[in-house]
Amino acid sequence: MSESLDKDRLKPLVWLPFVIATLLLTVGILSWPSHDQFGPVFLNWLTVLLFFILATVFFFVGIYRLKSTKEEYAGSYLRTKLVAAMVLMVLVPSLLLQLTANQVIEKGLDVWFDVRVDTLLDKAMSLAQGFYSGAESDMEKSLLQVAQDDDFPLEIVTQPLGTMLISQHLGKLLDQYGWHKVELFDVSERLIAMASKQVAGQQFSDLKIRDLSDTAKLSKVLGKQAVEHEVRKSGEYVVGYLPLYMQQRFVALLRAEIRLPDEVTSSARSIEADYKSYRELERHRQGIQEIFTHTLMIAMVIITCIAGLLALFFARKLTTPIEELALALKRVEAGEFDVLVPVHAEDELGSLARSFNSMTAKLRQNMEMLQQTQEELTGALVSSRQRQYVLENLLSNLQSGVILLDQSGDIRLMNQACQDLLLIPESTEKKVSIFDFSEAHLAPVLNFFRTLKTQGLDSLQYEIELLHGFQTIKILARGTMLGKQEDQLFSGWLLVFDDVTQLAEAQKHQAWSEVAQRLAHEIKNPLTPIKLSTERLQRRFRSQVDHVEIFDTCTKAVITQVERLQRLLADFSNLATLPKPKTEVVSIRSLLQDLRELYSAYQNVTFEGLPDGDVCCDPDQVRQVLINLIDNALATKTPVRVYVEVTENDTKFYVQDEGSGIDEKTQKHMFEPYFSTKSDGSGLGLAIAQRITEEHDGTLLLVSAASPTRFCMCLPHKLILRGLEEKKA
Amino acid sequence: MLRIFIYLLCLCFTLTQLEANENQMNEETHVHIEDGVVYCDVQTFNQEAYVLNVLAGGSSLTVFWQFDVLRKRSFWLDKSVASVRLGRQVIPDLVTQRWLMRDLSSGVVHYTRNVHVAMRFLTEMHHAAVVDVSILDGQEKYYLETQLYIYEGEQGSKGWFADILGGVDMGTVELVFPAQQGLKHE
């Protein structure tokens, strides 16, 4: 959960390089040099290039981060955070410095380009320009005055060439107007006269005759005086041209020049240069600011990059041991305990790595010990489980019911046979303690345990009877104390129950059979001579006796009682020597049809329905059972119903009468031999009927004791299959 | 994020394109053919203030007008048919208040005492002979592309890359030849 939260928190960091790349790209585009860029454009291009390179680097860093985020290797987030923090630590002061420097530069430029400086330079420039224009104006005025002198052109025309008069005149003009040199050219532009002053710094080349300039020629053509400014190696000059006319005829061209003082011209030129530089700087004020800004920006970017690289280096150094530790921890988590982390340095991380190695070693030892113990325990458990398995199998296959109780009487173990034997219904809550045996029929079991417990007997054994419905189950209960109560080894009691009902029945039957046989043998033999003797007495002495009625009554009584005794003995004999049933598949319909015909004379016997189906039984014996039940029912002198119910597993024959019902005492003993409520009954009918039913693997039950009284003989269908198989065989 | 990045780039390029179009609207280029020669009259209004400012400030200015006659092709690289480069220069002399105007192509020099004249000398080019129509093919279409390079100072001191990046586009005009102007016919 926390891992996913961390991932969500770090998501913006993943996109950070892309944001920075975009910002850098934007700054790069904004730094693109303009056309009127002052100074070397190289700086601008360098800035643009740097920003583009950085943007590309950050873009690829972003892609790498995205990839590494998917791979999620340990320590990457920490490294990113460290690098980001260190870069920010450098970037923030650098940006502040950049902003401050920009402000300082702007203020500095404001001071530099102060309006007073501007005005001063303008004034200085005006002064210089005034000097030059003054010199030209003076020249123009001088030339104008010369032009007004009409004698001078005449003198040129009249005086022959080579005379000194013209030169003397020129010398006068030189002195009069302060010129430094004056020359006179004829119509063919040949020098005809010249006068000059010696000027400091004059060079030999200055004495050379110069060709007329374009301005001079223009002046000559136009007939107008002209002034021009010439810059020579020796200095700067103001040169004036005056065409001389005589009677509107061009006679000569006067060229006069003044050499401007060097100190003035140099100062003027210096002012001009400064003005030019100032204006240039003013014009590129923005550009200058940009140069500073770019320089600072480049420096900042380079410093940030270096800081970033250093941060990366140190972060890598710092996070590598953490990364190794994290990986090692993952391996330990996966169950590898032979992991060793390399110790890089003798610092806290090194100490941590050593501690980790020591911890894994101890863990490894503990794990080995644990494994050994586990193996031993597993062996013991397997052995115990095997024993338990054997015991459980033994108990589950055991016919006897077994209950293992602890000291407090809680049930530790109870096998299925016990549940079946004690008729503990599965639907009820699971018995936890012997004291949960609250059902009425389980009271003898609880009493048996209490006896065993309270008397402190080592073992106890007696037969108990469980009365469940109309069923009485005889159980041989045996209890043994496990260990001795005085010892600590005492662990509880073991109760074992065996169903001895059949055994008791068999024993009883056996006993009765023997009794019957003995009685039959001992009584039957004298009965026949008694009867024969009595009949003989009747035939021989009837006519001789005084009281015939009395004699008849006595002899008949003897004969009747002998006959009754003979029937009784026959029943005894039947019970003792009941043959094994000869089973065959019989139609239920035919079986009932025979009985219907037999009891056709009885109006109160009704046979309801003649269901289809078969039943496997000895028809004579089953018929005998049913006759027995019907006879008993007829004795009540109430309507008797006989009907059959065929279910999935068995066939149930019901015989119902509407007599007064059967009391509890009779219910308890009615299936016992020689128990009869009739004065002349042998008490063997129901006993024989039950025995026949049991011989057929069936049950004979009193379904309803109250009126209407109902008996049910239930014969299982499995006998049919068995009968069919026997038939096939 | 990528979408914002692309959007910003598109915005930058759109703004650049709009600026270029605005620049072109302030230039005038006219072409006329006389005696079988293509002449060009071109004038830039955009640069006048700048030129005037520089010249009044005493700095020299050198301009080069570059005329390129190009074939109307879409993909071919060999579009150029003829290329003419004409240079002009003005050197101010502030103390004497004169501006020396020099045609670098012919070498003709003259002075002016009016700075506006000097400015127009640089920002206008009249009757510049570009190409003889006899070398052009009548079956093809041509257009004239004009660029102006301005250098502060007496020489182009900004290096070779200034020629690549520093040119001001004066626009492109299609050459329309009237009939029988001596065009070459194959």
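Derivation of every value follows stated rules applied to the coordinates shown; laboratory data play no part. Every value quoted in this text rests on a predicted model; they were computed, and no experiment measured them. Glycine gets a Cβ as well: all are built from the backbone with ideal geometry, and neighbour counts include every protein chain shown.
Here are the numbers:
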| read-out | value |
| --- | --- |
| Gain on full stretching of the segment that runs from A:VAL646 to A:LEU482 - 0.36 nm per residue minus C-alpha separation | 54.0 nm |
| Set A:LYS123/A:LYS233; A:LYS431/A:LYS718; A:LYS652/A:LYS678; A:LYS678/A:LYS718; A:LYS123/A:LYS217; A:LYS67/A:LYS317 screened for pairs whose C-alpha atoms are more than 31 Å apart | A:LYS431/A:LYS718; A:LYS678/A:LYS718; A:LYS123/A:LYS217 |
| Per-residue mean of C-beta atoms belonging to partner chains within 10 Å, peptide A:27-33 | 2 |
| Label-point separation in nm, A:HIS669 to A:LYS524, each point 7 Å along Cα→Cβ | 2.7 |
| Estimated [θ] at 222 nm from DSSP helical runs (n ≥ 4, -39500 (n - 2.57)) normalised by residues in the protein assembly as shown, nearest 500 | -18000 deg cm²/dmol |
| Pairwise FRET efficiency - B:ALA49 versus B:PHE177, Cβ, R0 = 41 Å, nearest 0.05 | 0.65 |
| Residue mean of other protein chain beta carbons inside 10 Å, A:179-192 | 0 |
| Net lengthening on full extension, B:GLU28/B:ARG71 (0.36 nm per residue, minus Cα-Cα) | 13.4 nm |
| 3J(HN,Hα) from dihedral phi, the range A:250-255, Karplus parametrisation 6.51/-1.76/1.60, rounded to Hz, x for glycine, proline | 5, 10, 6, 10, 9, 10 |
| For residues of B:91-99, the mean tally of beta carbons on other chains within 10 Å | 6 |
| Calculated FRET value between A:GLU189 and A:GLN286, using beta carbons and R₀ = 41 Å, to 0.05 | 0.15 |
| Extension gain from A:GLN407 to A:THR677, taking 0.36 nm per residue of separation minus the Cα-Cα distance | 92.2 nm |
| Positive-end extreme of charge dipole, the protein assembly as shown - chosen from B:HIS126, A:ALA477, B:SER80 (charges on Cβ) | A:ALA477 |
| Highest average packing first - B:90-99, A:507-516, A:705-714, Cβ atoms within 10 Å | B:90-99, A:705-714, A:507-516 |
| Cut-off under 5 Å, modelled amide H: who pairs with A:SER704 long-range | A:ARG710 |
| Virtual spin-label span in nm between B:ASP93 and A:ALA380, 7 Å along Cα→Cβ | 12.2 |
| Scaled radius of gyration (Cα, divided by 2.2 N^0.38 Å) that the range A:581-728 gives | 1.02 |
| Label point distance in nm, A:ASP594-A:GLU230, each placed 7 Å from Cα along Cα→Cβ | 17.6 |
| Long-range tail of P(r) for the range A:398-499 (Cα pairs > 25 Å, %) | 13 |
| Residue list for the range A:351-387, given a label point 7 angstrom along the Cα-to-Cβ vector of A:SER396 and an amide N cut-off under 17 Å | A:385-387 |
| Under 5 Å, built H, 5+ apart or other chain: amide partners of A:VAL605 | A:VAL640 |
| Computed over the protein assembly as shown, Kirkwood Rh from alpha-carbon pairs, angstrom | 45.8 |
| Calculated P(r) tail over 15 Å for the range A:506-575, as whole % of Cα pairs | 58 |
| Shape call, the range A:365-408: gyration tensor on alpha carbons, a/c limit 1.5 | oblate |
| A:LEU46/A:ASP338 FRET efficiency (R0 56 Å; Cβ-Cβ; nearest 0.05) | 0.50 |
| Phi-based couplings in Hz for the range A:145-152 (Karplus 6.51, -1.76, 1.60; Gly and Pro marked x) | 5, 5, 5, 7, 7, 6, 6, 5 |
| Built amide H within the under 5 Å cut-off of A:ILE192, gap 5+ | A:LEU184, A:PHE185, A:ASP186 |
